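Any read-out appearing in this document is the output of simple, stated calculations on the displayed coordinates, not a laboratory observation. Bear in mind that the values here come from a model prediction, so they are computed numbers and not experimental data. Methodologically, a virtual Cβ is constructed for each residue, glycine included, from the backbone with ideal geometry; neighbour enumeration extends over all protein chains shown.
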Amino acid sequence: MKGRGYVKGGHKKAALYIANEFKKHNLSGFNDNYFQTFYTSVNTQPGKISLTLNKNRLKPGTDFLINPSSPSIQGEFKTTYLSIEDIFRKKILLKKLDSSANKVLLLDLQKSNEISKDNKNKLNDIVNYLIYSPNIKCKATIIFKNEKLTWTGSTRENTKASFTVNKPTDVKTITTVNTNCESLFLEKEETQNIIGSVNGYSELDSTIIISAHYDHLGMMGKKTIFPGANDNASGVALLLELAKHYSQKNNQPKYDIIFIAFGGEEIELLGSKFYTDNPVSPLNKIKFMLNFDLAGTGDDGIKVVNATEFMNEFDKLIHINKNNSLLPAVKPRGPACNSDHCFFYNNGVPCFYIYTLGGIKAYHDIHDKYKTLPFTAFENYSQLLKLYIDAF
């Protein structure tokens, strides 16, 4: 599905697939269908993407990433080199910046792991200024790091391009940079949440929310795909497993359950923010919300965000897991605004965000693929959740 982002309609293909699954399991729809439409700006890289240092052409996704907020850039450019020492020496930094107009600024941060935490924070602040400030007249910046390449999304377009390279490089020897990267800023892209529900047998006016975001980072260029198998196709798979289970007559839940596959999570939690501003059922009627992300491992159990806020509910989860010997561990974590539960929690809705622990480390990269995802505890994890939901 093209990485379920905003290139080649990936997010639309994913949404249609989920809606068809809801329909197959006879979930009640939202309005005339399952879609709650909203709009967002988003910067994309749907076209050519190349980066050549001297005569060494790098591989996108493997050797380098483009900053997702970058505008298009094309041409061959001379370079200005900055070491960590240069960045911390104000006179040298200003002198080099004066000579960097229309050049590519090379930031050699390959030894940043050797500096103190305080200096790292200062370095990050200066680097961000060099990348984003319109006062810096360079044509683009390239950051060289010895760290895993991790991409993200952006709802904005910057004034100049920037890249991150993690291929070991003698940066001082780079005299020319040749690049051809095509970006497209979409000011008003239509996207959606997918919402379906099943009715409970109780007459109590309460609902349970089951959610997971289906969007991911999409594509960088015409060939480089960020599949997002663990983040968060796995969470959607768990949501669909629960939707299938509770849609069956013999498994009718006590309370109404609303299943929500959120869009726009990777770009500032936009789908869940839109939902909490425009709920299909009053937020104060929600008995509990369970939000799933990164559900594809489980070697070391699960982590429960907001466990410390709702200790009775967490203790119940611990108790059910222990009595049924399902997962190796159910670990607590405090509040964190790091997934789609956030705006529900801020609106007073009791909720957990749960993710699996252990297994592969692929995240926001080209390696988060289905074929490398172990699903170590998926069946036991889903069984735990069914028992937990039934216990409300």
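Computed from the C-beta positions of residue 91 and residue 137, the FRET efficiency with R₀ = 30 Å rounds to 0.95. Each peptide in 226-235, 197-206 gets a packing score, the mean of other Cβ atoms within 10 Å over its residues, and the list from highest to lowest is 226-235, 197-206. Just how large is the dipole of the chain about the Cα centre, in debye to the nearest 20, putting +1 at every Lys and Arg Cβ and -1 at every Asp and Glu Cβ? Approximately 1520 debye in magnitude.
Once divided by 2.2 N^0.38 Å, the Cα radius of gyration of the range 120-266 becomes 1.54.
For the pair residue 199 and residue 118 in one chain, pulling the backbone fully straight at 0.36 nm per residue adds 23.7 nm over the alpha carbon distance. Each principal axis of the range 244-304 carries a Cα extent, and these read 38, 36, 19 Å when sorted largest first. In terms of distances greater than 32 angstrom between alpha carbons, the cross-link table entries 59/91; 223/244; 137/188; 2/287; 8/249; 2/361 yield 59/91; 223/244; 2/287; 8/249.
Note on the range 87-193: semi-axes of the ellipsoid equivalent to its C-alpha gyration tensor, largest first and rounded to whole Å, are 26, 18, 15.
Taking the Cα centre of the range 139-235 as the origin and placing charges on Cβ (Lys, Arg +1; Asp, Glu -1), which of 185, 159, 173 is farthest toward the positive end of the dipole? Checked the options; the winner is 173.
When +1 charges are put on Lys and Arg Cβ atoms and -1 charges on Asp and Glu Cβ atoms, the dipole computed for the range 241-288 relative to its Cα centre reaches about 420 debye. Straight-line cross-link reach from residue 285 at under 17 Å between alpha-carbon atoms covers these lysines, not counting any fewer than eight positions away in the same chain: 254.
Dividing the Cα radius of gyration of the chain by its Kirkwood radius returns 1.03 for Rg/Rh.
Taken along its three principal axes, the alpha carbon spread of the range 14-59 comes to 58, 23, 10 Å, from the longest extent down to the shortest. Label-to-label distance, residue 126 versus residue 159, with points set 7 angstrom from Cα along the beta-carbon direction: 2.1 nm.
Translational diffusion coefficient of the range 43-111 (Stokes-Einstein, Kirkwood radius from Cα pairs, 37 °C, 0.692 mPa s): 235 µm²/s.
Sorted largest first, the principal axis extents computed over the alpha-carbon atoms of the range 1-116 equal 67, 35, 24 Å.
Taking the Kirkwood radius as Rh and the Cα radius of gyration as Rg, the range 225-369 has a ratio of Rg/Rh equal to 0.95.
Per the Debye calculation on the range 288-392 with a single equal scatterer at every Cα and no solvent contribution, log₁₀ I(q)/I(0) for q = 0.10, 0.13, 0.24 Å⁻¹ amounts to -0.28, -0.47, -1.35.
The charge dipole of the range 1-94, taken about its Cα centre with unit charges on the Cβ of Lys, Arg, Asp and Glu (plus for the first two, minus for the last two), comes to roughly 220 debye. In angstrom, the C-alpha Rg and Dmax of the range 199-248 are 16.0, 52.
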